[in-house]
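The values are calculated or read from the model by the stated rules, or taken from the named source; none is laboratory data. If you're wondering where the values come from, they're calculated on a predicted model, not measured in any experiment. Glycine gets a Cβ as well: all are built from the backbone with ideal geometry, and neighbour counts include every protein chain shown.
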Amino acid sequence: MTNLFGLLGLGGRAYGAHSAGVATIGNNVSNVATEGYSRQRVDLNADIVLGGVRADGVYRTEDLLLGMQERDNASSLGFASSSTSALLGLDASLSAIPSSLPESISAFFDGLNALQGAPQDGNRQQDVVQRARSMAEGFSGAANAISSAAENAQLRASMLTGEINQLSATIAASNETLALYDNPTVADQRDLAASRLAELVGGSGRIDPDGQMRFVANGGAVLVDGDRTHPMNVTTNPSDPTSISVTVGSGPSPRDVTTELGAGQLGAEIEFITGTASDSMAQLDQLAFDFATSINAVHTSGQAADGTTGLPMFDIPLTPAGTAAAISVNQTLQDDPSLLATATLGEPAGDIGGVSSMLALRDGLTAAGGTRTATDEAINLLAGVGRLANDAQAAESLHMARGDMLASRRDALSGVSIEEEMLRLSEFQRAAEAASTYVSTIDQMLANLLATL
């Protein structure tokens, strides 16, 4: 039968266990507004050796599946939000050009239409040349807007890798600490870092049976494995804003993951650089090349007022690449607009065959492989960016709503409820008071026994 000293120890352990419960509740209440904090509970178990109850540490309430769902949604939300920002920025830049591309192309043809009524009017000739210059500047402005947007995306991608590597180091350090002892606060910090890392680069953070988190980016590249990290690096080409390379790992053969990510904020920046910006620039260059080539073909076959064969109206590269940024009006025509080939070759002065042939290109299917007019293709290019931005915004709204739903589920499972904590505090307080009374009683019995002896 347990002696008085054993009973005194039993009461002391009970008081200590319930006091630990009170302390845990105090920690929960103080962290009610702490981001990423998971409610903690004291682990009370019956002591089968000494009897009574003992506190076997503190554990955090968590759901590993829910955590994976949150990280997955954070990955999709990060991709959608960064895509939205980049696309809206490009759309705004293209819209901010003083004369939008469709308007400048239409204005050029309006000038030709006016010139058709008086082909030898010097003022109207000058107006056509000026409108051609404005249109060339519209192409150049659009090319600069796309290049600037891509360069900004390259800069953002480079900055993201710094945070990505820092978060990977945080997870690895947390793994190292948790391998030594269970610390709910460190586990919270690790989960918070993993959620942010998923938002930045996609992928998943898996908790292995040994309690260590292994974070794998989309495509399978390992960023964190226990207490080891594999750094991510970004390489950009200053001369090509639509180029970017992302690798994981150090040493002579790092893994190229540029085309693998496809998620998170970094994946969105890569997609914008190599997808939207690259495609938009190629489409713009092709439009500028096709338009200038078709105008030049007609203009060089015409005749100027002085009887000479027409010159190329636009100076462009030999291939589409870079045409939008490089296109310019022939300097000879700028210096002497009377050299516009307004007549058909061999016809007398005043003939309008040349200008009529150029004006006919307004409705000609000269762009997009012979499927659209130049104006329609310019509208399609700008509208395409807008459509992508709208789609990205819709995806962002969807994942924000899903994130709110998952956060509510997490709060219900792991969040701190003041009402619930106060109820449990009352329970622990009464249990601690009972244990204190029990210890006092045993102590008095022991004092009486000693006095008797």
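Does Asp43 satisfy being over 30 Å from Gly403 (Cα atoms), touching a Leu at 6+ places or on another chain (Cβ under 9 Å) and surrounded by fewer than 20 Cβ atoms within 10 Å (Cβ to Cβ)? Talk me through it step by step, then tell me what you get.
Details: over 30 Å from Gly403 (Cα atoms): yes; touching a Leu at 6+ places or on another chain (Cβ under 9 Å): no; surrounded by fewer than 20 Cβ atoms within 10 Å (Cβ to Cβ): yes.
Criteria not met by Asp43.
Could we say that Ala80 is crowded, with 21+ Cβ neighbours inside 10 Å, assigned by TED's automatic domain parsing to the domain that holds Met358 and more than 16 Å from Leu361 (Cα to Cα) here? For Ala80, the condition - crowded, with 21+ Cβ neighbours inside 10 Å, assigned by TED's automatic domain parsing to the domain that holds Met358 and more than 16 Å from Leu361 (Cα to Cα) - is met. Here Asp121 does not qualify as within 30 Å of Leu266 (Cα to Cα), in the same structural domain as Val186 (by TED's automatic domain parsing) and among the acidic types (Asp, Glu).
Being surrounded by fewer than 14 Cβ atoms within 10 Å (Cβ to Cβ), closer than 30 Å to Asp306 by Cα and of a type in the set (A, V, I, L, M) narrows it down to one residue among Ala401, Ala349, Ala341; which is it? First the steps, then the outcome.
Details: Ala401 fails: closer than 30 Å to Asp306 by Cα; Ala341 fails: surrounded by fewer than 14 Cβ atoms within 10 Å (Cβ to Cβ).
Answer to the check: Ala349.
Out of Asp411, Asp404, I need the residue that is of a type in the set (Asp, Glu), in a helix (DSSP H, G or I) and under 25 Å from Thr84 (Cβ atoms). Which one? Step through it out loud before you land on a result.
Details: Asp411 fails: under 25 Å from Thr84 (Cβ atoms).
So the residue among Asp411, Asp404 that is of a type in the set (Asp, Glu), in a helix (DSSP H, G or I) and under 25 Å from Thr84 (Cβ atoms) is Asp404.
Residues that are hydroxyl-bearing (Ser, Thr, Tyr) number at least 2 in the following strands (runs of 3 or more DSSP E) confined to segment 187-276: 232-237, 240-248.
Working carefully through the options Ile171, Ile105, find the one that is under 25 Å from Asp72 (Cα atoms), buried (at least 17 other Cβ atoms within 10 Å of the Cβ) and over 20 Å from the mean Cα position of the chain (by Cα).
Numbers: Ile105 fails: under 25 Å from Asp72 (Cα atoms).
Selected residue: Ile171, the only one of Ile171, Ile105 that is under 25 Å from Asp72 (Cα atoms), buried (at least 17 other Cβ atoms within 10 Å of the Cβ) and over 20 Å from the mean Cα position of the chain (by Cα).
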